1. Can you run down the residue pairs with Cβ atoms below 6 Å, 6 or more apart or on separate chains, where the first is in region 121-134 and under 20 Å from Met74 (Cα atoms) and the partner is assigned to a strand (DSSP E or B) and at pLDDT 95 or above?
2. Of Asn77, Asn51, which residue is free of Cβ contacts under 8 Å to residues at least 24 places away in the same chain and of a type outside the set (Val, Ile, Thr)?
3. Which residue out of Leu202, Leu168 is touching a helix residue (DSSP H, G or I) at 6+ places or on another chain (Cβ under 7 Å) and either modelled with pLDDT under 85 or among the β-branched types (Val, Ile, Thr) (or both)?
4. For the subset of region 320-330 comprising residues that are buried (at least 17 other Cβ atoms within 10 Å of the Cβ) and over 16 Å from Asn273 (Cα atoms), which member is modelled with the highest pLDDT?
5. Examine region 345-354 for a residue that is touching a residue at least 24 places away in the same chain (Cβ under 8 Å) and under 22 Å from Leu240 (Cα atoms), and state whether such a residue exists.
6. Which ones in region 271-299 are more than 26 Å from the chain's Cα centre (by Cα), on the phi < 0 side of the Ramachandran plot and in a loop (DSSP other than H, G, I, E, B)?
7. Mind telling me which of the residues Pro79, Pro68 ends up being surrounded by fewer than 18 Cβ atoms within 10 Å (Cβ to Cβ) and in contact with a Ser or Thr (Cβ under 6 Å, 6 or more places away or on another chain)?
8. What about Phe140, is it under 14 Å from Asn80 (Cα atoms) and touching a Gly at 6+ places or on another chain (Cβ under 9 Å)?
Amino acid sequence: MEKSYILVLILLVFQDTMFSLYAASPNETDIEALLSFKHLITNNTSFLSKNWTTNTSFCSWFGITCSPQNKRVMSLNLPNMNLEGKISSSIANFSFLTMLNLSNSIFSGNIPTEIGNLSQLVELDLSHNQLSGSIPPSFFSISSLRAVYLVNNSLSGSFLVNEVKGLLNLEVIDLSYNRIIGEIPSRLPLQNHIGGEIPQDLGNLSKLKMLGFDFNNLTDNQLEGEIPMYITNATKLIELELAYNFFTGTVPSNLGNLRQLEFLNLGGNQLTNEPGQRQLGFLNSLVDCRMLQFLILANNPLNGFLPDSISNLSSTIEMFNIENGQINGQIPKGVGNMSSMFSLVLSDNQLTGTIPPEIG
């Protein structure tokens, strides 16, 4: 009987030891991944060479945030560090990572294919580096992603249209200043040298809050055709930037459906007024955008009058720019109701009459 108790005790101790080893192994995975990441940083004088040492817990290292429950790396936040080198494929081992920010450094080479293993990643910021190559297909499998910033790299290639279906949780995407070519994929807004029309499925991105294409924020590309009415199906949009493309036709009359819109930039296109209309009727719809702060319509052949309803535009508007828009008639007195306005640009038009004293 005594031997049985001893055997049970040995088994319990063995089980407890194995459990401890199992619990510790993920932490070993994280520290090995961090050291591999550090190893590929070539400027050895960097802050990390002194701070990231095994003399202290990796959870206390600069830029690292660990989960309080399991001590796994949740955030790798190293912006503005001037780090030089390549991004290690070992980042794939951070299975609890929700935020990766390596912006404003000198990382070069490709985005590791293994990035697709970061199944819990919510925010990715690799902006302002020297990354090249194409965005790996595995990137499009990270369904948890809400914000993606890859601005100002040398990324190239085209997107795999059939791979983007898993990014429907996206709220913000900015791929500005890259070299990506081709048409905009059916379900993803991109910001590069892209041609073609805005796809209808864009309106299915119901969580999207920022759609930017200027200077590769949809802006300053070669997009053409009319701005589609269905773009207003993305009702959570806060920013809509379509400036400096080749859009023609009229400004959608249902922009008022974007009730949360704060920034609208349609400048530098070939947008016109509704045929046979003297007033710019689309401005009537914008009255419903009560959070609108920036309204930029400059450098379009709009050719019409500013409607009196402009006085009902959001009192939160800070900038209204409609210069070089072939605007004629008088400046409505109601412009003075925009109490938050700090910039009103009406130059290079055919306006007549006097400047309303309400403008001050």
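1. Glu123/Met99; Leu124/Leu100; Asp125/Asn101
2. When all the criteria are applied, what remains is Asn51.
3. Sole residue among the options that is touching a helix residue (DSSP H, G or I) at 6+ places or on another chain (Cβ under 7 Å) and either modelled with pLDDT under 85 or among the β-branched types (Val, Ile, Thr) (or both): Leu202.
4. Going through the qualifying residues, I end up with Asn321.
5. Yes, region 345-354 has at least one match.
6. If the condition is that a residue be more than 26 Å from the chain's Cα centre (by Cα), on the phi < 0 side of the Ramachandran plot and in a loop (DSSP other than H, G, I, E, B), then Asn273, Glu274, Pro275, Gln277, Arg278, Leu280, Gly281 are the ones that fit.
7. Going through Pro79, Pro68 in turn, just one is surrounded by fewer than 18 Cβ atoms within 10 Å (Cβ to Cβ) and in contact with a Ser or Thr (Cβ under 6 Å, 6 or more places away or on another chain): Pro79.
8. No; evaluated as a whole, the condition is false for this residue.
The values are calculated or read from the model by the stated rules, or taken from the named source; none is laboratory data. Being a predicted model, the structure only gives us computed values, none of them experimental. A quick note on method: Cβ atoms are made from the backbone with ideal geometry, for glycine too, and the neighbour counts reach across all protein chains shown.
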